[in-house]
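Data block below; observations after.
Please treat every number below as a calculation from the coordinates, not as lab data. Computed from a predicted structure; not experimentally measured. So basically every Cβ, Gly included, is an ideal-geometry build from the backbone, and we count neighbours across all protein chains shown.
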Amino acid sequence: MNFTAIMAIYKFEMARFFRTLMQSFLSPVLSTSLYFVVFGAAIGSRIDEVEGVSYGAFIVPGLIMLSVMTQAISNASFGIYFPKFIGTIYELLSAPVNFLEIVCGYVGAAATKALFIGLVILVTAHFFVDLEIQHPLAMLAFLVLTCLSFALLGFILGIWAGNFEQLQLVPLMIVTPLVFLGGSFYSISMLPPVWQTVTLFNPVVYLISGFRWSFYGMADVPIGLSLLAIGGFTLACLAVIWWIFRTGWRIRN
Amino acid sequence: MSDIVEIRDLRKTYAGGFEALKGVTLNIHEGEILALLGPNGAGKTTLISTVCGITQASGGSVHVGGFDILEEFRAARSMIGLVPQEIALEPFEKVISTVRFSRGLFGKPRDDARIEAILKKLSLWDKRDNQLKELSGGMKRRVLIAKALAHDPRVLFLDEPTAGVDVELRRDMWETVAELKADGVTIILTTHYIEEAEAIADRVGVIAKGELMLVEDKDDLMRQMGKKQIEVQLSEPLTAIPEALASYALELRGDGCALVYSYDTRAERTGITTLLNDVAAAGLVLRDMQTRQTSLEEIFVDLVAAAEGDAA
């Protein structure tokens, strides 16, 4: 393994993040605060507790997941799409690095940024609601795995995208709906029975459910299934990336 | 001189069916400057991109320093530096950090003294903390060279290093290339400026339509293929070439004031002496005389025209 190269890519990507640190920091703080004002205070006050947890506290895991997933995808997809767009990818392709090292550098940096934002939201939420975290280690594990797997998905997206519209299309048209309909703001048990079944086809349900379990010990689906889902998703993304580099799809002529 | 790059029967056919390289075989000697000449679309960039790992070959093999570029890509690529044709740089990055990144990417530990030396050599040290978007085109191109040199490659590929660069900068670039050669770096550059090849190359390769037409020592090439012309200027203009000189295939130029005679420098008898005797015998009075050697450009145009003739 060319660890120097991995670190070079990682640091280079993180430098981009630090250049816009205030923006990276303020934006999630502001949007989380807004969610709490709207859902927690304004609407939440009219909603009963969800399975013994106040609505404000109930939505925290979902809110963190929403931001972490979108941030991981957009950071990773932009990270690899930008060199393709401006042409600097030539250097990556001509360097003595393999696909795993490139992925470690880009995905590692994108996942770090998403993790940072996830933690910022967690701290911000702490100021609005009483949080309890029953399984802190599991919470961290879910968070890190979600950051990683969605950064991997973002990386694939960045390689696939032929223009900026496509880059934004998948997060906007697919990921955001899946996250919103994946139980970020409600428990699946609140849905009519038919929709409870339909929603089980949404992979994000398993992630949010598992993550919420690590906070309040309650889950829509068994925790083992959640772990299986995120593990399987990560492996599937890795397999696609391995294939991309093997065939040179959309990177090498 | 040992060969540092060995290219065997390299082929590249793009997805659309376009054959960019039709079996190129080329050995590049260690320490030389090889200029690859060819018109736009001849396959120069494809050749370089394939050797450097950016494009996948459809067939054939490439070894750099004895390492196969696919099987032993780490060892092979560590020896190569690439300066691409298009200026591709992250606009908000600083000069020094982008050069440091390149060194790290090639697996070399951070070495500030080395980076300083490279930036100073390329007159970029004063600009090290500037963002890349603030630099002029010529400076950006030098940053690309600095990035390519950051990991101390033994072979440097320069793809059209002076395309769109003004005359002064072009000369600066030639000087830089000469200095790199003095440091022991093998340099392969593509160009469609003949004068560039003429000015700095040791050997010249001509590519047209995906085929390597020839690779020759530059001086040999010019000697072998170079024709010389002698132009005899006359005091009185002629309306036609005199009967006595009809056997020489002369050309009348300059409103009849000059006779031009082409000859082969390699021929045992150039025919100059008898021509001059016959000119005197014909009663023509000489005012001046000059000779001119065919330039690489004319050789090149002939070769490419021949290739296109074959293709058609």
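Structure data summary
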item: Hull-based mean projected area of segment B:230-305, where the convex hull spans the alpha carbons, in square nanometres; result: 5.9 nm²
item: Hydrodynamic radius by Kirkwood, which averages 1/r over all alpha carbon pairs of segment B:1-66, in angstrom; result: 12.3 Å
item: Packing rank of B:191-201, B:282-292, B:138-148, where each peptide gets the mean count of other beta carbons within 10 Å, highest leading; result: B:138-148, B:191-201, B:282-292
item: Per-residue HN-Hα couplings for segment B:147-154 [Karplus 6.51, -1.76, 1.60; θ = phi - 60°; Hz; x = Gly/Pro]; result: 4, 5, 8, 4, 9, 6, x, 9
item: Whole-number D in µm² s⁻¹ for the protein assembly as shown, Kirkwood Cα-pair radius fed into Stokes-Einstein, 20 °C, 1.002 mPa s; result: 76 µm²/s
item: Over 27 Å between alpha carbons, listed pairs B:LYS22/B:LYS140; A:LYS84/A:LYS113; A:LYS113/B:LYS94; A:LYS84/B:LYS181; B:LYS44/B:LYS120; result: B:LYS22/B:LYS140; A:LYS84/B:LYS181; B:LYS44/B:LYS120
item: Total charge dipole magnitude, segment B:227-293, about the Cα centre, Cβ charges on Lys, Arg, Asp, Glu only, Debye to nearest 20; result: 300 debye
item: Ratio Rg/Rh, restricted to segment A:6-145 and using Cα atoms, in which Rh is the Kirkwood radius; result: 1.08
item: Spin-label zone in segment B:70-93 - amide nitrogen under 17 Å from a point set 7 Å from the Cα of A:PHE82 along the C-beta vector; result: B:88-93
item: Over chain A: helical MRE at 222 nm, DSSP H runs n ≥ 4 each giving -39500 (n - 2.57), nearest 500; result: -24000 deg cm²/dmol
item: Cα-based Kirkwood hydrodynamic radius, chain A, one decimal, Å; result: 18.8 Å
item: Where Rh is the Kirkwood radius over Cα pairs, Rg/Rh for segment A:154-249; result: 1.05
item: Inter-chain Cβ neighbour average for residues A:218-224, partner chain, 10 Å; result: 0
item: B:LYS120 paired with B:ASP219, simple spin-label distance in nm, labels 7 Å along Cα-to-beta-carbon; result: 3.4 nm
item: Signed unit charges on C-beta, dipole axis of the protein assembly as shown, positive-most listed residue A:GLN196, B:GLY38, B:ILE207; result: A:GLN196
item: Partner chain coverage, peptide B:106-115 - average Cβ within 10 angstrom; result: 3
item: Exposure proxy ranking, count of Cβ atoms within 10 Å, fewest first, for B:GLU179, B:GLU268, B:GLU216, B:GLU160; result: B:GLU268, B:GLU179, B:GLU216, B:GLU160
item: Shielding by partners - mean other protein chain Cβ count within 10 Å, residues of A:12-23; result: 2
item: DSSP loop GluC sites (Glu not before Pro) with at most 16 other Cβ within 10 Å excluded, longest remaining stretch of chain A; result: A:133-253
item: From phi via Karplus (6.51, -1.76, 1.60), per-residue ³J(HN,Hα) for segment A:48-65 in Hz, x at Gly/Pro; result: 5, 4, 9, 6, x, 10, 4, 4, x, 6, 4, 7, 4, x, x, 5, 5, 4
item: Under the Karplus curve 6.51 cos²θ - 1.76 cosθ + 1.60, θ = phi - 60°, whole-Hz ³J(HN,Hα) for segment A:118-123, x wherever Gly or Pro sits; result: x, 5, 4, 5, 4, 5
item: Cα→Cβ-extended label distance, 7 Å offset, between A:VAL38 and B:ASP166, nm; result: 5.5 nm
item: Exposure proxy ranking, count of Cβ atoms within 10 Å, fewest first, for B:HIS151, A:HIS135, B:HIS63; result: A:HIS135, B:HIS63, B:HIS151
item: Residues with amide H under 5 Å from that of B:LEU156, placed H, sequence gap 5 or more; result: B:GLY81, B:THR186, B:ILE187, B:ILE188
item: Crossing angle, helix B:112-121 versus chain B [Cα axis fit, 0-90 degrees, rounded to tens]; result: 20 degrees
